[in-house]
Amino acid sequence: MENIKLMQFSPGSGCGCKISPKDLAEIIKNIPRTFNDMHLIVGNDSCDDAAVYNIGNDMALISTTDFFTPIVDDPFEFGYIAAVNAISDVYAMGGKPVLAISVLGWPLSKLPAIVARKVIAGANEACSVAGISIGGGHSIDIPVPVFGLAVNGIIKIQNIKYNNKAKSGCSVYLTKPIGIGILSTALKNGLLSKPDMELALHWMKTLNIAGYLLSDLKSIVAMTDVTGFGLGGHLLEICENSGINAEIHFEKIPLVTELANYTNKENIPGGTNRNFNSYGNKISCMEEFQKSVICDPQTSGGLLIIVENEDDFLLKVKEHKIFAVKIGQTKERVKNSDEPFIYVL
């Protein structure tokens, strides 16, 4: 049991195994909506973090799912991180999670059932911290271990945070540091230091409850979480869907640790290049290290928040002791322009 390393069964670690934005767009392109539900507030039209459904009395149901292959070797930690990551989509819409259902794919010929039990135990612990239960689930026997959750949440309709309502002249905030993809690759290569491993675990296991705590602020005009498409990809979704530009001050982006120590040894996730190939033409020219950070696929990453009135926002951030770093600002975009959507300064 002690010698089992889950990542050896993982072709793409954590959210780094996500299908690229370009390929995903091709998969869902032109799928007809055969049933128009007047109660569906958010569907897949805007590539938002979760579906939102009007349940009456000015309340809405948030529904989402997220699952991936192992991001760490320890099964308990894998389950915990996967649960936190899945719950994040509810927080990213501003909602309060209320119930989870597990999704498990397990190669029983390679890994004993007791290891899967530890994965579920980790997820159960994370859900307990979030104040919800795992009410059931589904499992299949497949060649590669996969785990995640389907999560439901609730929210007042007036507090829903979208990814397509951003405006120009706003500030861009990030609530977790970047670099998890690089560190997970270093871990898989046997090069990650113990202190940096502990840092990575701390951030991946930190719930994005800030999204719920800040949801009543009208000054937050757009919000999403940063996962497999990287900082660049998720900010690009906001910019394209809202018709604006963004400027990011690279030196202000918080990093998990000194990432150059790992990128210099070629610990670059495969998802980084997939991300860049999908959307790099919509970002201004970047140096190689900037590219490795901006396009780094995050697992259980932080919230990306577009703020119109910083005063109210900063008061709440201080009140709830939320880690939030200002990394840039949004700008007006010239209509029908071929310029990049994101400028890395």
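The values are calculated or read from the model by the stated rules, or taken from the named source; none is laboratory data. All of these numbers come straight from a predicted model, not from anything done at the bench. Positions of Cβ are generated from backbone atoms using ideal geometry, with glycine treated the same way; all protein chains shown enter the neighbour counts. Just so you know, the surface numbers come from the protein's heavy atoms only, side chains and all, with ligands and any DNA or RNA stripped out. Shrake-Rupley method; radii C 1.70, N 1.55, O 1.52, S 1.80 Å.
Points worth noting:
- Residue count for the stretch 309-340 under the criterion of being closer than 27 Å to Asn85 by Cα and part of a loop (DSSP other than H, G, I, E, B): the result is 5.
- Met204 being under 19 Å from Asp48 (Cα atoms), open to solvent by less than 10 Å² (accessible area, probe 1.4 Å) and within 14 Å of the chain's Cα centre (by Cα): no
- All positions within the stretch 3-22 that are modelled with pLDDT of 75 or more and under 28 Å from Asn275 (Cβ atoms): Lys5, Leu6, Met7, Gln8, Phe9
- Residue in the stretch 54-65 that is open to solvent by 10 Å² or more (accessible area, probe 1.4 Å), outside any loop (DSSP other than H, G, I, E, B), within 20 Å of Trp203 (Cα to Cα) and touching a residue at least 24 places away in the same chain (Cβ under 8 Å) present: no
- Evaluation of Gly190 against (1) in a loop (DSSP other than H, G, I, E, B); (2) open to solvent by 40 Å² or more (accessible area, probe 1.4 Å); (3) farther than 27 Å from Phe289 by Cβ (one fails), failing number: (3)
- Asn152 vs. criteria touching a residue at least 60 places away in the same chain (Cβ under 8 Å), open to solvent by 10 Å² or more (accessible area, probe 1.4 Å) and either out of contact with any Lys or Arg (no Cβ under 7 Å at 6 or more places or on another chain) or polar (S, T, N, Q) (or both): yes
- Lone qualifier among Val144, Val115, Val72, Val119 - being open to solvent by less than 20 Å² (accessible area, probe 1.4 Å), in contact (Cβ under 8 Å) with a residue 40 or more places away in the chain, over 27 Å from Ile41 (Cβ atoms) and in a loop (DSSP other than H, G, I, E, B): Val72
- Applying a threshold of 9 Å to beta carbon distances and a minimum spacing of six or more residues, or different chains, the list of pairs starting in the stretch 271-290 at a residue that is assigned to a helix (DSSP H, G or I) and at pLDDT below 95 and ending at one that is among the hydrophobic types (A, V, I, L, M, F, W, C) and open to solvent by 70 Å² or more (accessible area, probe 1.4 Å) reads Arg274/Ile19.
- Contacts under 9 angstrom Cβ, first residue in the stretch 225-239 being at positive phi, partner polar (S, T, N, Q) and open to solvent by 10 Å² or more (accessible area, probe 1.4 Å), 6 or more apart: none
- Test: residue in the stretch 157-166 that is over 26 Å from Asp58 (Cα atoms) and either at pLDDT 95 or above or part of a strand (DSSP E or B) (or both): no
- When the residues of the stretch 122-141 are filtered to those that are touching a Pro at 6+ places or on another chain (Cβ under 9 Å) and either part of a strand (DSSP E or B) or at positive phi (or both), the one that is least open to solvent (accessible area, probe 1.4 Å) is Gly131.
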